[in-house]
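Quick notes on the structure that follows.
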Amino acid sequence: MNTNERDEVIEVTDLRRVYGGGFEAVRGITFSVARGELFALLGTNGAGKTSTVELLEGLAQPTGGTVRVLGHDPYDERAAVRPRIGVMLQEGGFSSELTVTETVRMWAGCTSGARPTGEALELVGLERRADVRVKQLSGGEKRRLDLALALLGRPEVLFLDEPTTGLDAEGRRHTWELVRDLRAHGTTVVLTTHYLEEAEELADRLAILHEGRVAASGSPAEVTAAQPSRISFELPEGYLLGDLPPLGKLGVTGHETSGRAVRLRTRELQRTATALLLWAEHARVELRALDIRSATLEEAFLRIARDAGDTHGPSEPPGHGNGAARTPMDKEAVA
């Protein structure tokens with residue numbers, strides 16, 4: 001099959017990465033990413049996200065397992081992969097004295113088939129800052145410049161490492177819309193982010209890493225569905241918790257009380273809420289402060305982190321995973 005027609009543009013099988021001294025940062029993870037899909041890698045600090053992404057980008061060779069990006073080994077066949085991917089790091093390593101335009105032109109010289117400078121800046125909303133020196137940019141503007149450079153080569157696969165850190169709410173939303181547009185036009189995106197709302201908004205599928213392993217994966221809805229929903233309310237005057245129908249029959253898996261306030265946990269939100277409201281109607285009482293809500297990705301993430309314990313030490317060497325600055329020389333030019 002022609003590589004451009006592959007359904008899966010990233011295939012990871014039993015991937016492992018061991019650092020000097022036997023430290024195992026990535027411990028046998030498997031996943032795939034389809035063309036035009038946005039796949040988010042989430043995890044606590046030291047979970048193995050950066051170690052994994054560096055293997056996908058071809059910056060290091062796996063200790064074990066296999067990685068294929070666009071049908072190629074991104075490390076051994078770097079020349080075949082590098083011109084077709086874009087990488088946005090946590091920190092770009094710009095020369096502070098160059099202007100925005102000069103910076104883009106310098107990186108364009110290391111990029112095959114680069115977009116025109118003006119087009120790249122317009123994509124990220126920096127066209128009015130074209131003649132400003134990099135050192136005069138705000139933190140959010142520098143992040144947008146990082147993104148412009150990652151998009152220079154019109155990548156088929158785009159790696160975004162914390163793309164909206166430092167952006168205000170408007171800038172974050174603009175970046176989200178740009179990423180959605182890129183995905184709609186067929187770009188495959190791998191996103192790492194600490195903003196769980198960002199993953200929930202953008203990701204088609206995600207994996208939550210913990211200590212170098214995949215702790216949960218699926219669509220955001222599938223991952224959150226594994227967590228209980230919540231119903232909270234105040235007991236009516238004159239009623240006790242025991243006056244409610246048997247909680248087990250309502251589908252309740254757990255509950256807490258504080259004074260008259262009650263919080264129920266359930267994996268059958270509609271059934272539990274319907275039964276509770278029917279009871280209140282039959283009893284002719286009002287459930288004050290009623291709040292019915294599904295689980296969120298944040299709750300799923302925190303529960304995974306808590307259940308895993310976070311007691312076995314970091315899964316990446318100290319100081320690793322902070323997005324070390326890279327210069328244009330790290331972008332391999334392929335004529």
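The values are calculated or read from the model by the stated rules, or taken from the named source; none is laboratory data. Treat the numbers as computed from the prediction; the structure is a model and nothing was measured. Glycine also receives a Cβ, built like all others from the backbone with ideal geometry; neighbour counts cover every protein chain displayed. With ligands, DNA and RNA removed, areas are computed over all heavy atoms of the protein, side chains included. Shrake-Rupley method; radii C 1.70, N 1.55, O 1.52, S 1.80 Å.
Per residue, the convex hull spanned by the Cα atoms of the range 1-121 measures out at 149 cubic angstrom. Proximity of backbone amide H atoms, modeled 1.01 Å from N, is registered between His194 and no other residue at under 5 Å, excluding neighbours fewer than 5 places apart on the same chain. Apply 1/(1 + (r/R0)^6) to the Cβ-Cβ distance of Lys249 and Asp168, taking R0 = 51 Å, and write down the FRET efficiency to the nearest 0.05. Once the sixth-power term is evaluated, E becomes 0.55. Here the contact order of the chain, divided by its residue count and restricted to Cα pairs under 8 Å and six or more residues apart, works out to 23 percent. Which chymotrypsin sites (Phe, Trp or Tyr not before Pro) in the range 69-157 pass both tests, a DSSP loop state and at most 11 other beta-carbon atoms within 10 Å? Answer by residue number: there is no such site. Taking all protein chains together, His255, His185 sort by accessible area into His185, His255, largest first [probe 1.4 Å]. Between Tyr75 and any residue 5 or more places off or on another chain, the built amide H atoms are never under 5 Å apart. Take the Cβ-Cβ distance between Asp76 and Arg306 as r, set R0 to 41 Å, and report the resulting FRET efficiency rounded to the nearest 0.05. Approximately 0.55, to the nearest 0.05. 3J(HN,Hα) along the range 288-294, derived from phi through the Karplus expression 6.51 cos²θ - 1.76 cosθ + 1.60 where θ = phi - 60°, amounts to 6, 6, 5, 9, 10, 8, 6 Hz, with x in place of Gly and Pro. Taking GluC sites (Glu not before Pro) as exposed when their DSSP state is a loop state and no more than 13 other Cβ atoms lie within 10 Å, the longest site-free interval of the chain runs over 98-236.
Probing with 1.4 Å while keeping every protein chain in the model, the per residue accessible area of the chain equals 48 Å². Once backbone amide H atoms are built at 1.01 Å from N, Glu37 has Val189 as its partners under 5 Å, excluding neighbours fewer than 5 places away on the same chain. Rounded to the nearest 20 debye, the dipole size of the chain about its Cα centre is 160 debye, using +1 on the Cβ of Lys and Arg and -1 on the Cβ of Asp and Glu. Measure off, as a whole percent, the carbon and sulfur share of the 1.4 Å-probe accessible area of the chain, all protein chains present. On the chain, the fraction of accessible area on carbon and sulfur atoms equals 47 percent. Note on the chain: Lys pairs 8 or more places apart or on different chains, Cα atoms under 30 Å apart, count 5.
Counting only Cα atoms, the size of the chain along its three principal axes is 78, 47, 41 Å, in decreasing order.
Comparing Thr175, Ala120, Leu278 along the charge dipole axis of the chain, the residue lying farthest to the positive side is Leu278, per the Cβ-charge model.
Using a simple spin-label model with pseudo-atoms 7 Å out from Cα toward Cβ, Glu122 and Arg293 lie 4.1 nm apart. Taking 0.36 nm per residue of sequence separation and removing the Cα-Cα distance, the Trp279/Ser138 pair yields an extension gain of 45.1 nm.
Phi angles of the range 215-230 translate, via the Karplus equation with coefficients 6.51, -1.76, 1.60 and θ = phi - 60°, into HN-Hα couplings of 8, 7, 8, x, 5, x, 5, 5, 5, 6, 5, 6, 9, x, 7, 10 Hz per residue; Gly and Pro are given as x. Annotation for the range 255-284: trypsin sites (Lys or Arg not before Pro) lying in DSSP loop with at most 13 further Cβ atoms inside 10 Å of their Cβ are Arg284. Across the range 202-249, the fraction of Cα-Cα pairs farther apart than 13 Å, rounded to a whole number, is 72%. For Met106 and Ala221, a Förster radius of 41 Å and the Cβ-Cβ distance give a FRET efficiency of 0.45, rounded to the nearest 0.05.
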